[in-house]
Structures are given as structure tokens and as C-alpha cells.
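The next block holds one structure in the form of C-alpha cells; read it before the comments.
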Amino acid sequence: MSLLAIENVEKSYVIGKIGVWALKGIDLLIDAGKFVSFIGPSGSGKTTLLNLIGCLDKPSKGKVLINGMDVSHLDRKSSAKFRGGNIGFIFQNFNLLPVLTVYENVEYPLIMVQNVPAEKRKIKILELLEKVGMMEQKDKYPDQLSGGQKQRVAIARALVTEPKIVLADEPTANLDHDTAYKILKIMHDMKNEFGTTFIFATHDTKVVGEAEVIYTIEDGKIIGQTARNAGGK
């Protein structure tokens, strides 16, 4: 059974009095431990699809199944609970809380979402900060960090809850070339170690080049699929 199954998903919005179809009959299967990219022009439906997978929105039609569970129509409370145990997020603008230190930013979901005991939290946080190379910066605040360092913290925060899927919306857009590749290597290492599935919505050729599965989306439809070995080989 695939980790993620999307079955005939459609999504429409009403803008004013006009209905707009963001997704039209999407079908796809994604296995555990994959590096996946959704590519396509702006407005093609990539971010909408990420939001449905992340239980941040609901399809107008069809099903989204994660690990066999239909999450398509969970209520708000159930969606939040499911996200907390199964989904991690990495954003283009990092979305770190400016009043919290690096350590506290990574700790935040363990307190607010999973209510993990303090000693267990400490072990998990320090382990991840070590893996992403941010141990020496653990007491700094986000405004004291470079863009690459902020994204390393965001990766640790996304992984600290041990999610099955990490969703990343343009995660390298604000990073220089060398830093972007370093961030992608960290993600690959985490995928290999933890078996996490990473799903990207991106225009970045560096991310696409590292993907094992690429879905091309245009006008709300999947118009192409490419499968490759890890690292785009």
C-alpha cells in the first residue's frame, strides 16, 4: 500500500461570483521514503495540492488517503491532530517564531502539538540540532541567523515530531546556490535515515534535479510523471 494515495481529487474556489478550478481530477500514488517534486508554472495548483495533503484544506471532490486513512473530510480538530502526528512543513520564508530561540523553535511543536515530556523533548531536539549542524546556534534567535541556518532550523522543527511526510513549498527559493545544495543534502540524509517522504512544490531546478519522482502540473492537472533513481540519476 502506498503511503499517499490521491484519488480523483478536484478543488474549486469561488472568487466573487466566479468558480475557479484549482485542481481537476488528480490521481497519484507516492511510496514511503521518496523525494518527490511537484513542478509547474505559478497558479498551476502545486501549493493547493500540498495544502490538501497537509490537511490544511479539503478537496471539493475525491479522496486523500495517508497511510490508508481518508483525511479528506476530517473536521478542524481532527485535522490538526492528524497533522501533528504525521505531517511536517518547511516553508519558503522559514516561518520561525522570532521571540523563540533556535532550541525553542524546534521544541515548539513537541509542546503545542504532541505534549512530549521535557526530558524526552531535550533528547530529540539536541539530536536533530546536531544532525542539521545547528547545535552551536541553539541559543540564538532567528534574526541572528543566516537564511541557510534558518532553513536548517526549519528542517529540524519539521522532523522533530517524526512525521511520515514533510511538505516543502519552495524551500530553497531564498537561498544561494551552494546553501541550497547543502540544505538538499541534509534533507536527503534525513530521508535515508528516518524513511521520511519529502514532497516539494518548486520551480527550483536544483530541487527537481534531486527528486526521485517528478509530477508536472499545469492548469490543475497532472500532465507528466517521471521516476528516477535517488539524486536524479
Notebook entry, point to check: For the range 174-231, how many residues meet the condition of being assigned to a helix (DSSP H, G or I) and either over 19 Å from the mean Cα position of the chain (by Cα) or aliphatic (A, V, I, L, M) (or both)?
Noted result: 11
Note to self: Six or more apart or on different chains, Cβ atoms under 6 Å: show the pairs whose first residue is in the range 63-89 and outside any helix (DSSP H, G or I) and whose second is of a type in the set (Ser, Thr, Tyr) and surrounded by 13 or more Cβ atoms within 10 Å (Cβ to Cβ).
What the structure shows: Lys63/Ser72; Val64/Ser72
Item checked: Looking only at the range 48-90, and only at residues there that are within 14 Å of the chain's Cα centre (by Cα) and surrounded by fewer than 17 Cβ atoms within 10 Å (Cβ to Cβ), the one that is farthest from Trp21 (Cα to Cα) -> Gly85
Margin query: Tell me whether the range 1-22 contains one or more residues that are farther than 23 Å from Glu170 by Cβ, of a type in the set (S, T, N, Q) and part of a strand (DSSP E or B).
Written below: yes
Next item on the list: Only residues in the range 209-228 that are surrounded by 14 or more Cβ atoms within 10 Å (Cβ to Cβ) count as the first member; pair them with residues that are of a type in the set (Lys, Arg), Cβ under 6 angstrom, at least 6 apart or cross-chain, and list the lot.
Entry: Glu212/Lys34; Glu212/Arg228; Val213/Lys34; Ile217/Lys46; Gly220/Lys24; Lys221/Lys24
Notebook entry, point to check: Got a number for residues in the range 40-63 being farther than 18 Å from Thr196 by Cα and touching a Phe, Trp or Tyr at 6+ places or on another chain (Cβ under 7 Å)?
Noted result: 2
Notebook entry, point to check: Among the residues of the range 36-43, is any surrounded by 14 or more Cβ atoms within 10 Å (Cβ to Cβ), under 30 Å from Gly209 (Cα atoms), at pLDDT 95 or above and aromatic (Phe, Trp, Tyr)?
Noted result: yes
Notebook entry, point to check: Among the residues of the range 131-173, how many are over 13 Å from the mean Cα position of the chain (by Cα), charged (D, E, K, R) and more than 16 Å from Lys191 (Cα to Cα)?
Noted result: 6
Next item on the list: Being surrounded by 17 or more Cβ atoms within 10 Å (Cβ to Cβ), within 25 Å of Leu56 (Cα to Cα) and β-branched (Val, Ile, Thr) narrows it down to one of Thr161, Thr179, so name that one.
Entry: Thr161
Checklist line | Extreme residue, nearest to Lys124 (Cα to Cα), among residues of the range 93-108 that are outside any loop (DSSP other than H, G, I, E, B) and among the hydrophobic types (A, V, I, L, M, F, W, C) | finding: Val106
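The values are calculated or read from the model by the stated rules, or taken from the named source; none is laboratory data. Note that the structure is predicted; figures quoted are calculated from it, not measured. Here Cβ is always computed from backbone atoms with ideal geometry, including for glycine, and neighbour counts include all displayed protein chains.
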